[in-house]
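Quick notes on the structure that follows.
The values are calculated or read from the model by the stated rules, or taken from the named source; none is laboratory data. The model shown is predicted, which means the values in this text are computed figures rather than measured ones. Using ideal geometry, Cβ is built from the backbone for each residue, glycine included, and neighbour counts are taken over all protein chains shown.
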Amino acid sequence: MNIAIRSAFRADRHSSGAGLPRLELFETFSAAEPLWRRLEKDALATPYQRFEWLHYWYYHVGRLQGAEPLIVAGVDDVHAPAFILPLFCGHRYGCRIAGFGGGNHANVNMALWRPGIATCLAGRDIAHLLGEIAAAREIDLFVLLSQPPIWDGVSNPLAALPGQRSPDDVFTASLEGVPPDFQFRLPSGMRKKVRRLEKLPGYRFAMAQSADDVDRILTAFQPQKAARFHRQGIHNVFEDAGVMDFIRAACLDGLARGRPAIELYAIDGDGETLAVVGGVSNSQRFSVMFNSITASEAARLSPGIILMGEIVTLCARRGIATIDLGAGHARYKGIFCTHAQGRVDCFLPHTLRGHALATASKAARTVRRIAKNSPALMDTLTAMRRWATTAPAWLD
């Protein structure tokens, strides 16, 4: 379906087309794929907007939770894509809501932008664009969570919409300008642990290279992560329907070409997998999606931290400029990260019902941010989680 944009939205000055871009709405991944593939080669985008990543998330997780694709493409007069806005729709509390996919498996969300387009947009242009989509698909509320205000030095137009700071920051480090032979050095107090770990029988650091590697590492990851969540009283999102199928499929896609949709790393030793990290990457950034460590005595040797040091070294040698270790504070992140990148949650209602739900949603996320900075409140939330019986929806 095509919709003409009637706002003051200007085409990229470097566009091969001269007219105003128009919107095309797609309700299947297959219909959107040609434009998406064409754009993502050089797009300004996070790794979580990779076609395969979102496609596998939707097929294995999102559709089971009631999500429906609403992929928005802006195209110019010669049908070249200017942007892709990968949205999903669902119903909650009587409202039809649209937002990014991936749920809490994605650290950051944004559209894919052709270089130069994002800088041409003002907040009123974005608001009008979303208004056109709302009218065409009867959307009550847009919930655009976990957006970076700036990406790769460019302001994110969608983050200019009315919003507030997300409950958690993402912790990052820059690898720009490091030498080709860069080797991440752990603090001096950790080096003795490294030497002890390396002496374990069968010690090795490796990235999954085959389907057998993927299955072996994920088989170790699941109980490790489940035990951790149980101790913390946190809902185990990896036990939600379809989640591990999504992760496995994304780990296998592109594996033979050396570019899986989810990269899987592990440290093995003494007959077991001691630590696991799964992450996504593009030419700009590597982002940690999940991690786990053994519950055996080898945990005292900090295999998770040592594994992350190996990954940082590898990313630097690949020419990746930035790494992030995901959302939420943890002491180990201070070893690697120098910056807490704030994220923005934007809410754009288009009906009275949407306004009411937006007000409630903003208040709930404000409470979550306050709680995460208050040990007493955080303990209360943790205790409440132990009694929770419902899995989180895809749009949380």
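General remarks:
- Test for residue 338: is it of a type outside the set (Phe, Trp, Tyr), loosely packed, with under 13 Cβ neighbours inside 10 Å and without any contact (Cβ under 8 Å) to a residue 12 or more places away in the chain: no
- Residue in segment 90-105 that is nearest to the chain's Cα centre (by Cα), counting only those that are assigned to a loop (DSSP other than H, G, I, E, B) and crowded, with 23+ Cβ neighbours inside 10 Å: 102
- Index of the failed condition, residue 259 passing every other in (1) free of Cβ contacts under 8 Å to residues at least 12 places away in the same chain; (2) farther than 26 Å from residue 42 by Cα: (2)
- Counted residues, segment 137-187 - those being free of Cβ contacts under 8 Å to residues at least 60 places away in the same chain, among the small types (Gly, Ala, Ser) and at positive phi: 2
- Any hit, segment 320-328, residues being farther than 28 Å from residue 197 by Cα, surrounded by fewer than 18 Cβ atoms within 10 Å (Cβ to Cβ) and not assigned by TED's automatic domain parsing to the domain that holds residue 98: yes
- Counted residues, segment 221-265 - those being out of contact with any helix residue (DSSP H, G or I) (no Cβ under 9 Å at 6 or more places or on another chain) and closer than 22 Å to residue 294 by Cα: 6
- Among the candidates 184, 171, 142, residue that is hydrophobic (A, V, I, L, M, F, W, C), within 25 Å of the chain's Cα centre (by Cα) and farther than 17 Å from residue 344 by Cα: 184
- Close pairs from segment 60-78: first within 22 Å of residue 40 (Cα to Cα), partner among the charged types (D, E, K, R) and in a helix (DSSP H, G or I), Cβ under 7 Å, at least 6 apart: 70/137
- Screening residue 208 with (1) more than 27 Å from the chain's Cα centre (by Cα); (2) surrounded by 15 or more Cβ atoms within 10 Å (Cβ to Cβ); (3) of a type in the set (Gly, Ala, Ser) gives one miss only, at (1).
- On inspection, residue 335 passes the criterion of being at pLDDT 90 or above and of a type in the set (A, V, I, L, M, F, W, C).
- Here residue 290 meets each of (1) surrounded by fewer than 19 Cβ atoms within 10 Å (Cβ to Cβ); (2) more than 17 Å from the chain's Cα centre (by Cα); (3) at pLDDT 95 or above with one exception, condition (2).
- Test: residue in segment 237-251 that is surrounded by fewer than 16 Cβ atoms within 10 Å (Cβ to Cβ) and at positive phi: no
- Qualifying residue in segment 2-10 (condition: basic (Lys, Arg), touching a Cys at 6+ places or on another chain (Cβ under 6 Å) and either at pLDDT 50 or above or surrounded by fewer than 22 Cβ atoms within 10 Å (Cβ to Cβ) (or both)): yes
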